[in-house]
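Below: one structure, written as structure tokens.
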């Protein structure tokens, strides 16, 4: 257990440099198994998200697409069962990275494989309520870019003016807060 942070960072470094090799063979399934094991632990869930984020950043969506329904189901089940502040923060960063890397349309298609309308439910019930939890300049920037993409590229959000307004207010609030707002400690529950 005490080796997990270092091993996850090592895994991130390998994946950053050799993502294409991971996409071939059984390595991707094994890495997703590591993610599943880590994200199921309250103590190490953020490390699981670190693995998942680097996979989403480094691999084409076509390599991940077949696994994403299971990934989303796992993430949403964990959110319902024990969605701590740290977990919600990590989930929002992951969704933001996914939206920034692959676009809003792909995010919607991927999330809605779990249940039609799931992305809108996620935005209204989780994202907008927890947006201030995301800390750190890179994570906050990813979240702001993702929310802005949702505001400008997603017709489903345009149709719900109340939620669109809340999302716009969230972006404005986050931008006004700068990098010092929303800090939650590493174990933040």
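Stretched out fully, how many nm does the piece from residue 152 to residue 57 gain, at 0.36 nm a residue minus the Cα gap? Working shown, then result.
Working: separation 95, 0.36 × 95 = 34.20 nm, distance 2.20 nm.
Taking 0.36 nm per residue and subtracting the Cα distance, the gain is 32.0 nm.
I need to check one value: relative contact order of the chain, counting alpha carbon pairs closer than 8 Å and at least 6 residues apart, in percent. Each step should come with its number before you reach the end.
On the way: 183 pairs, mean separation 37.7, N = 189.
This gives 20 percent for the chain.
Calculate I(q)/I(0) for the chain by the Debye formula, one identical point scatterer on each C-alpha and no solvent, and give its log10 at q = 0.14 Å⁻¹ to two decimals.
For the chain at q = 0.14 Å⁻¹, log10 I(q)/I(0) is -0.77.
Which distance in nm do the two modelled labels at residue 172 and residue 66 give, with both placed 7 Å along the Cα-to-Cβ direction?
Each label point is offset 7 Å from its Cα along the Cβ direction, giving 4.7 nm.
Quick check on the chain: helices-only [θ] at 222 nm, where DSSP H runs of length 4 and up contribute -39,500 (n - 2.57) each and the sum goes over total residues. Nearest 500, please. Spell out each step's value before the answer.
Values: 12 runs with 135 residues, N = 189.
Roughly -22000 deg cm²/dmol at 222 nm, from the helical runs in the chain.
Stretch residue 27-residue 41 to full length: gain in nm at 0.36 nm per residue minus the Cα-Cα span? Walk me through the intermediate numbers first.
Values: separation 14, 0.36 × 14 = 5.04 nm, distance 2.19 nm.
Stretched out fully, the residue 27 to residue 41 stretch lengthens by 2.9 nm.
Pairing the Cα long axis of helix 27-39 with the longest principal axis of the chain, what angle in degrees results, from 0 to 90 and rounded to the nearest 10?
Approximately 60 degrees, to the nearest ten.
Using a simple spin-label model with points 7 Å from Cα along the Cα→Cβ vector, what separation in nm is obtained for residue 2 and residue 17?
In this crude spin-label approximation the distance works out to 2.7 nm.
Mind pulling the angle between the C-alpha long axis of helix 85-102 and the longest principal axis of the chain? Nearest 10 degrees, somewhere in 0 to 90.
Once rounded, the angle reads 90 degrees.
In degrees between 0 and 90, to the nearest 10, how far off the longest principal axis of the chain does helix 4-17 point, with axes built from Cα atoms?
On a 0 to 90 degree scale, this one is about 90.
Readers should treat all values here as calculations from the given coordinates under stated rules, not as data from a laboratory. Just so it is clear, the structure is predicted and the values come from calculations on it, not from any experiment. Note that we place each Cβ from the backbone using ideal geometry, even for glycine, and neighbour counts take in every protein chain shown.
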